[in-house]
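The next block holds one structure in the form of structure tokens; read it before the comments.
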Amino acid sequence: MKRIVSGIKPSGDPTIGNYLGAMKRWADNQHIEGCENFFFIANLHAITTKQDPSLLKKRTLDIVAWLITVGVDPNRSVIFVQSMIPAHSEICWILNNYVTMGELGKMTQYKDKSLKSGKEGQLAGLFDYPVLMAGDVLLYDADEIPVGFDQVQHVELCRTIAQRFNNQHGDTFKIPKATFSKTSAKIMSLNNATEKMSKSDVKDSYVLLEDSADDILKKFKKAVTDSDNKVAFANDKPELSNLLTIYSEFSGKPVSEIESEHKDSGYGKFKTELGELVAEKLTALQNTYSDIRSNEERLMNIITEGNSNAAVIANEKISVLKDKIGLL
Ligand code: AQP
């Protein structure tokens, strides 16, 4: 049995980047024979940047509801909340002693986020984020971590930490590997195609799963493009390549087919059609979401059951770890 573990931060409302790069794939993964899936709401990761406490609570439930909406089935997958399983914080502290400041300092996500947030945002928790992430995965002996390309560096560090621990204390952790989809692995910002789309970025840079049809249309119409007005996927056309990827993901058509359908369109027409397509798909999802989100009691029951399934495995691993390193 192959075990898959992945998380999403309730640090904002989920974007189409989170959806195409992670959530939708998680739902698809459930149908692979011989796989056991663990998906969690990474609220301990979320607090590495400033959060409004009541919004954080609300978004934790929102994201559980979105996962169910996009097809993550609590009967097939374990859905849990990271902060409700103390083993995640415990393993992070232990693994901190198997990684160096130099290794953590090389992580580009820390560099990017701390540059954006200024000196007061350079929190120790943000610096330590990859260690918590390593713990999240190693606690469950995950075989695979389905992530976007942006997380590959963190998965590599997780493997290094696990190998180092195993070398010192004997086989303790399974060494996990990152898996990512070649097409939708990285959805870029609509304002700046050199940066990934992020839920904590500025409003026009992302499309949220909960955006209204009007907003979606406006955002795609305003999306930054080059000036040659030719709808084509190419290295020197990152903005159009990103829009074509999104189009392909939402329509299920290959990029080459969309390129030829739009070879005479010009950007205005192409962006309008893309906006309409995404709006139509997201409106359908939003209708399902509002039913699921309105039943908070059911959501809490799903979380409670997921937490108890996850905790059995996580607590056992923590006992083994403590014993190996001499903690009573
Ligand atoms: N733009 C993206 N394209 C593809 N995949 C993406 N993911 C995030 N953004 C994109 C993938 O979504 C999963 C959950 O991400 P996360 O919320 O845990 O962390 P993140 O990558 O930091 O996401 P954001 O939206 O950028 O959040 P903020 O702005 O709060 O930092 C991961 O598998 C991630 O790869």
Condition check for Lys111: within 22 Å of Asn18 (Cβ to Cβ) and either more than 15 Å from the ligand (Cβ to nearest atom) or in contact with a strand residue (DSSP E or B) (Cβ under 9 Å, 6 or more places away or on another chain) (or both): no
Segment 291-318 residues that are within 14 Å of Phe38 (Cβ to Cβ) and touching a residue at least 12 places away in the same chain (Cβ under 8 Å), paired with ones that are part of a loop (DSSP other than H, G, I, E, B) and polar (S, T, N, Q) (beta carbon under 9 Å, 6 or more apart): Lys317/Thr172
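From Gly121, Gly148, which residue is over 21 Å from Asn18 (Cβ atoms), within 13 Å of the ligand (Cβ to nearest atom) and modelled with pLDDT under 95? Quick ask: steps written out before the conclusion?
Numbers: Gly148 fails: over 21 Å from Asn18 (Cβ atoms).
One residue alone meets the criteria, Gly121.
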Every residue from segment 17-38 that is within 10 Å of the ligand (Cβ to nearest atom) and either of a type in the set (Phe, Trp, Tyr) or touching a strand residue (DSSP E or B) at 6+ places or on another chain (Cβ under 8 Å) (or both): Gly17, Asn18, Tyr19, Ala22, Met23, Arg25, Trp26
Failed item, numbered, when Asn75 is tested on (1) in a loop (DSSP other than H, G, I, E, B); (2) within 18 Å of Ala46 (Cβ to Cβ); (3) among the polar types (S, T, N, Q): (2)
Condition met for Leu55 (part of a helix (DSSP H, G or I), closer than 18 Å to Arg293 by Cβ and over 15 Å from the mean Cα position of the chain (by Cα)): yes
Some residue of segment 202-211 being surrounded by 15 or more Cβ atoms within 10 Å (Cβ to Cβ), away from the ligand (no atom under 14 Å from the Cβ) and outside any loop (DSSP other than H, G, I, E, B): yes
Conditions (1) within 13 Å of the ligand (Cβ to nearest atom); (2) within 27 Å of Gln163 (Cα to Cα): number failed by Ile85: (1)
Hits in segment 249-285 (condition: surrounded by fewer than 20 Cβ atoms within 10 Å (Cβ to Cβ) and hydroxyl-bearing (Ser, Thr, Tyr)): Ser251, Ser256, Ser260, Ser265, Thr272, Thr283
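For the structure I just gave you, tell me whether Gly12 is within 10 Å of the ligand (Cβ to nearest atom) and crowded, with 23+ Cβ neighbours inside 10 Å.
no
For every residue, the table says whether it meets (1) part of a helix (DSSP H, G or I); (2) surrounded by fewer than 21 Cβ atoms within 10 Å (Cβ to Cβ).
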{"site": "Tyr19", "(1), (2)": "yes, no"}
{"site": "Ala22", "(1), (2)": "yes, no"}
{"site": "His31", "(1), (2)": "no, yes"}
{"site": "Phe38", "(1), (2)": "no, no"}
{"site": "Leu61", "(1), (2)": "yes, yes"}
Tally of residues being within 9 Å of the ligand (Cβ to nearest atom) and farther than 22 Å from Leu138 by Cβ across segment 39-70: 2
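The values are calculated or read from the model by the stated rules, or taken from the named source; none is laboratory data. What you see is a predicted model; the values in this text were computed from it and never measured. Heads up, the Cβs are rebuilt from the backbone with ideal geometry, glycines too, and the neighbour counts pull from every protein chain shown.
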